[in-house]
Amino acid sequence: MDGRQANGSFMNSALAEARAAAARGEVPVGAVVVRDGVVLARAGNRTLELSDPTAHAEVLAIRAAAAAIGSERLVDCDLYVSLEPCAMCAGAISFARLRRLYYGAADAKGGAVEHNVRFFASSGCHHAPEVYSGIGECEAADLLMSFFRQRR
């Protein structure tokens, strides 16, 4: 499997987590942490279910991956997430020392990677991963638009 296929496959896993989150009534965002081509952790948003504003897919996946390897540092790991991370999640990505971030849909309103605060470019950022955007972008954006359209 070449790198492009692997990226697509891992993003498909993140999108599956996003769809599961939507089925639970959560904002459809999913995340997967990968090391050496193996999924260490996967999660979807659970803020409503857990009554926890920090229960974003990225944070939950990072916590589970750290527990799986027994370290708070995920230096050889990559994160695939269906939506551009917010400032809180960008901070968690930085503190976890993730190697690469792949995300699907851009978030002009709440994103903090290539929009708004641009966390990884800020002077307060201790570690910035390599960032690749637009992986599975259309499907991720469609999931979000459909979810919010149904709620209006």
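Annotations for the structure displayed:
- A 1.4 Å probe run over the chain, with the rest of the protein chains in place, finds 50 Å² accessible per residue.
- Cα-derived Rg over Rh, computed across segment 98-152 with Rh taken as Kirkwood radius: 1.06
- Taking the inverse of the mean 1/r over every pair of distinct Cα atoms in segment 18-89 gives a Kirkwood hydrodynamic radius of 12.1 Å.
- Kirkwood Rh and Cα Rg combined as Rg/Rh, segment 3-152: 0.94
- When DSSP beta bridges are restricted to pairs lying wholly in the chain, around 55% turn out antiparallel.
- Zone of Gln150's modelled label, taken as backbone nitrogen in segment 48-92 under 17 Å from a point 7 Å along Cα→Cβ: 48-49
- Most mobile of Asn116, Asn45, Asn12 in a GNM of the chain (Cα contacts under 10 Å): Asn116
The values are calculated or read from the model by the stated rules, or taken from the named source; none is laboratory data. Values in this document were obtained by computation on a predicted structure and should not be read as measured data. Ideal geometry is used to build each Cβ from the backbone, glycine not excepted, and the neighbour counts take in all protein chains shown. Note: accessible area is taken over every heavy atom of the protein model, side chains too, but ligands, DNA and RNA are not part of it. Shrake-Rupley method; radii C 1.70, N 1.55, O 1.52, S 1.80 Å.
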